[in-house]
Amino acid sequence: MNTETPGHILIRGVNWLGDAVMTTPAVLRLRERFPEARITLLCPEKLQDLWVSHPAVDAVRTFKAGEGLGSVAHGLRSIGADLAVVLPNSFRSALEVWWAGIPRRVGSGRFPRTLFLTDRVAADPGVVRMRKRTEAEVRRLTGSPGARPTPRTVYPTASHQLHHYLRLVAPLGARPEPLPPSLTPPPAATRTMTDRLGIALGSGKPLVGLNAGAEYGPAKRWPLERFTEAARGLAQRTGCHFVLFGGKADQALAEDLSNRLQGLPVTSLAGATTLAELMAALALCRVVITNDTGPMHLAAALGVPVVTPFGSTSPELTGPGLPGDPRHHLLLGSASCAPCFLRQCPVDFRCMDSIPADRVVNAALEVLSGRSGTPA
């Protein structure tokens, strides 16, 4: 690969919150490799707050939902970048930086996307990529008469998405050794959320986050009745104050959970925060009980332990924080078909139904008592 030192690097960021958090180690390694370069990060408008105060990034450019390819590429032409690092695997992201006229363009992928890259990063042959099961396969694994139960599929740790992003910057001379994803909420947002949660913080009760939604689909959602049972059990043991998280699409779910927790101290922030305020509120919690979704990754990157029931997805591929960090409790059920990576379960949801509330309660109690492990 070309070893010329770039003066201005454009990082084409990914489009989803959890994935964006998992790119932060690669962005930090790129800054470490090119300390004098100007780094501009391009991301969807909804993720701007994640990057505006990030220490590895000098400037953030955003695009609106539905904004045309030509408009995005035209906006990039003016910044004068001489190197683009394309983190997503999409065809469009490679086309954007080519159309913008950035002379050197680094990324991974297959033909025809690679026509728009000058430097293609080959996939690591030892990495096992996610494979979504078909509905027929799920039914065969769970319903065939006389079929022997098979263990849950376990992916190699090196296949974690965090390592994929590090491999994209390694050919540029960046160190591939993993760092934990790390974020700091903007001070103004911290002041805002400290004021909004002032009564809860002043009570002396531990703040426990509950995030019962998952944008990807219902297959990633631990049943709401289990969240309710776990919260009531935890409140009985600790007297904690609950903070409910989620986006605008989760407001009805959060309202339902709040009603189920009547009589307990609960503050719902679902759909009522900016991304910066969500970061600040998560950082104020002692532990967050959450599905495998964006706020899970945010909390871990903010240094907050998470307790996460995993069903249709794989903690080896997309678990929170640095893979293997003992502060986080990633709970697996028993299901021969897991992980299937489907949005909806075509059978009986046994992967999530086999994770009882008391496992979540015990994991959260371990965190609150200080018995959880220290970072790896």
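The values are calculated or read from the model by the stated rules, or taken from the named source; none is laboratory data. This structure is a prediction, so every number in the text was calculated from the model and none was measured. Every residue, glycine as well, gets a Cβ built from its backbone with ideal geometry; the counts of neighbours run over all protein chains shown.
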| query | Only one of (1) at pLDDT below 90; (2) farther than 23 Å from Thr313 by Cβ is not met by Met130, so which one is it? | reply | (2)
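I'm trying to understand the selection: among the residues of the stretch 343-352, which are under 19 Å from Thr293 (Cβ atoms) and part of a helix (DSSP H, G or I)? Working first, answer last.
Step one: filter the stretch 343-352 for residues under 19 Å from Thr293 (Cβ atoms), giving 343-345, 349, 351-352.
Cys351, Met352 - these are the residues of the stretch 343-352 that are under 19 Å from Thr293 (Cβ atoms) and part of a helix (DSSP H, G or I).
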| Enumeration of residues in the stretch 14-41 that are in contact with a Phe, Trp or Tyr (Cβ under 7 Å, 6 or more places away or on another chain) and either within 19 Å of Arg77 (Cβ to Cβ) or of a type in the set (Asp, Glu) (or both) | Leu41
| remark: Taking the stretch 43-82 and keeping only residues that are under 16 Å from Ile9 (Cβ atoms) and touching an Asp or Glu at 6+ places or on another chain (Cβ under 9 Å), one is left with Ala56, Leu76, Asp82
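I'm trying to understand the selection: among the residues of the stretch 353-376, which are in a loop (DSSP other than H, G, I, E, B) and surrounded by fewer than 18 Cβ atoms within 10 Å (Cβ to Cβ)? Even if it seems obvious, please write down each step before you answer.
At the first step, the residues of the stretch 353-376 found to be in a loop (DSSP other than H, G, I, E, B) are 354-356, 369-376.
Ser354, Pro356, Ser369, Gly370, Arg371, Gly373, Thr374, Pro375, Ala376 - these are the residues of the stretch 353-376 that are in a loop (DSSP other than H, G, I, E, B) and surrounded by fewer than 18 Cβ atoms within 10 Å (Cβ to Cβ).
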| request: Quick one: Arg327 ticks every box in (1) under 21 Å from Tyr216 (Cα atoms); (2) outside any helix (DSSP H, G or I); (3) at pLDDT 95 or above except a single one, so which number is it? | output: (1)
| message | Taking the conditions exactly as written (part of a loop (DSSP other than H, G, I, E, B) and buried (at least 17 other Cβ atoms within 10 Å of the Cβ)), does Ser312 satisfy them or not? | response | yes
| query | Does the stretch 109-117 contain at least one residue that is assigned by TED's automatic domain parsing to the domain that holds Glu67, part of a strand (DSSP E or B) and either without any contact (Cβ under 8 Å) to a residue 24 or more places away in the chain or among the aliphatic types (A, V, I, L, M) (or both)? | reply | no
| task | For residues that are surrounded by fewer than 24 Cβ atoms within 10 Å (Cβ to Cβ) and of a type in the set (Gly, Ala, Ser), scanning just the stretch 210-240, find the one that is farthest from Glu366 (Cα to Cα). | result | Gly217
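What number of residues within the stretch 62-82 are in contact (Cβ under 8 Å) with a residue 40 or more places away in the chain and of a type outside the set (Gly, Ala, Ser)? If you could, list the steps in order and put the result at the bottom.
Pass one, the stretch 62-82, residues in contact (Cβ under 8 Å) with a residue 40 or more places away in the chain: 76, 79-82.
Next, only the ones that are of a type outside the set (Gly, Ala, Ser) stay: 76, 79, 82.
Total meeting the criteria: 3.
Restricting attention to the stretch 301-337, report how many residues are hydrophobic (A, V, I, L, M, F, W, C), within 13 Å of the chain's Cα centre (by Cα) and more than 14 Å from Ala363 (Cβ to Cβ).
Just the residues of the stretch 301-337 that are hydrophobic (A, V, I, L, M, F, W, C), to begin with: 301-302, 304, 306-307, 310, 317, 322, 330-332, 335, 337.
Now drop any that are not within 13 Å of the chain's Cα centre (by Cα), which leaves 301-302, 306, 317, 322.
Keeping just the survivors that are more than 14 Å from Ala363 (Cβ to Cβ) gives 301-302, 317, 322.
Here the count works out to 4.
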| List, please: which pairs have Cβ atoms under 6 Å, are six or more places apart or on different chains, and start with a residue in the stretch 15-27 that is more than 12 Å from Asp292 (Cβ to Cβ) and assigned by TED's automatic domain parsing to the domain that holds Phe91 and end with one that is among the β-branched types (Val, Ile, Thr) and in a helix (DSSP H, G or I)? | Ala26/Val169
| message | Quick check on the stretch 274-300: of everything there that is small (Gly, Ala, Ser) and crowded, with 24+ Cβ neighbours inside 10 Å, which residue is farthest from Leu368 (Cα to Cα)? | response | Gly294
| Could you say which residue among Ala249, Ala214, Ala219 is under 29 Å from Met22 (Cα atoms) and within 16 Å of the chain's Cα centre (by Cα)? | Ala214
| remark: Among (1) assigned by TED's automatic domain parsing to the domain that holds Ala272; (2) within 23 Å of Ser314 (Cβ to Cβ), Pro206 falls short only on (2)
